[in-house]
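The values are calculated or read from the model by the stated rules, or taken from the named source; none is laboratory data. Since the structure is predicted, the reported quantities are computational estimates derived from the model, not experimental observations. No Cβ is skipped: glycine too gets one built from the backbone with ideal geometry, and neighbour counts run over all protein chains shown.
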């Protein structure tokens, strides 16, 4: 039960980190709030959906595979990217304006940066724990 709570906490943390990182990017663009004001809400919704789906996937595979922190991060990010794709966040859509194309591209890029940062942090912590023993 403790592992499940830690895993769900990690999923929630990653979702919050994705939302905060995207909101930070959005605040640096100078775009008018009327045009992109709901984008952080969309990212938060996508993160919530990814948290629920990732938890279900984790519950299904936890007894079959050794689930490490790195795998937990990758499970969440793959589910998150799939939810973005299925919800229609497509930077290659020809009908999008330049603003929304850029936002869609940055949505994926921010997710990639968050994933890399989390994987590096997990590796660093894992290495420190190994050296401590």
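From 66, 6, which residue is closer than 27 Å to residue 125 by Cα, without any contact (Cβ under 8 Å) to a residue 12 or more places away in the chain and in a helix (DSSP H, G or I)?
6
Give just the number: which of (1) in a helix (DSSP H, G or I); (2) more than 15 Å from the chain's Cα centre (by Cα) does residue 91 not satisfy?
Of (1) in a helix (DSSP H, G or I); (2) more than 15 Å from the chain's Cα centre (by Cα), only one is false for residue 91: (1).
Does residue 28 count as under 14 Å from the mean Cα position of the chain (by Cα), closer than 24 Å to residue 117 by Cα and free of Cβ contacts under 8 Å to residues at least 60 places away in the same chain?
Criteria not met by residue 28.
Can you pull out the residues in the stretch 65-85 that are more than 21 Å from residue 12 (Cβ to Cβ) and either modelled with pLDDT of 90 or more or within 20 Å of the chain's Cα centre (by Cα) (or both)?
Across the stretch 65-85, the qualifying residue is only 85.
Does any residue of the stretch 32-44 turn out to be under 15 Å from residue 17 (Cα atoms), surrounded by 17 or more Cβ atoms within 10 Å (Cβ to Cβ) and out of contact with any helix residue (DSSP H, G or I) (no Cβ under 7 Å at 6 or more places or on another chain)?
Yes: the stretch 32-44 contains one or more residues that are under 15 Å from residue 17 (Cα atoms), surrounded by 17 or more Cβ atoms within 10 Å (Cβ to Cβ) and out of contact with any helix residue (DSSP H, G or I) (no Cβ under 7 Å at 6 or more places or on another chain).
Taking the residues in the stretch 31-48 that are in a helix (DSSP H, G or I), over 20 Å from residue 79 (Cα atoms) and touching a residue at least 40 places away in the same chain (Cβ under 8 Å) as candidates, determine which candidate is nearest to the chain's Cα centre (by Cα).
36
Here are some residues: 107, 102. Which one is surrounded by 10 or more Cβ atoms within 10 Å (Cβ to Cβ), in a helix (DSSP H, G or I) and at pLDDT below 85?
So the residue among 107, 102 that is surrounded by 10 or more Cβ atoms within 10 Å (Cβ to Cβ), in a helix (DSSP H, G or I) and at pLDDT below 85 is 102.
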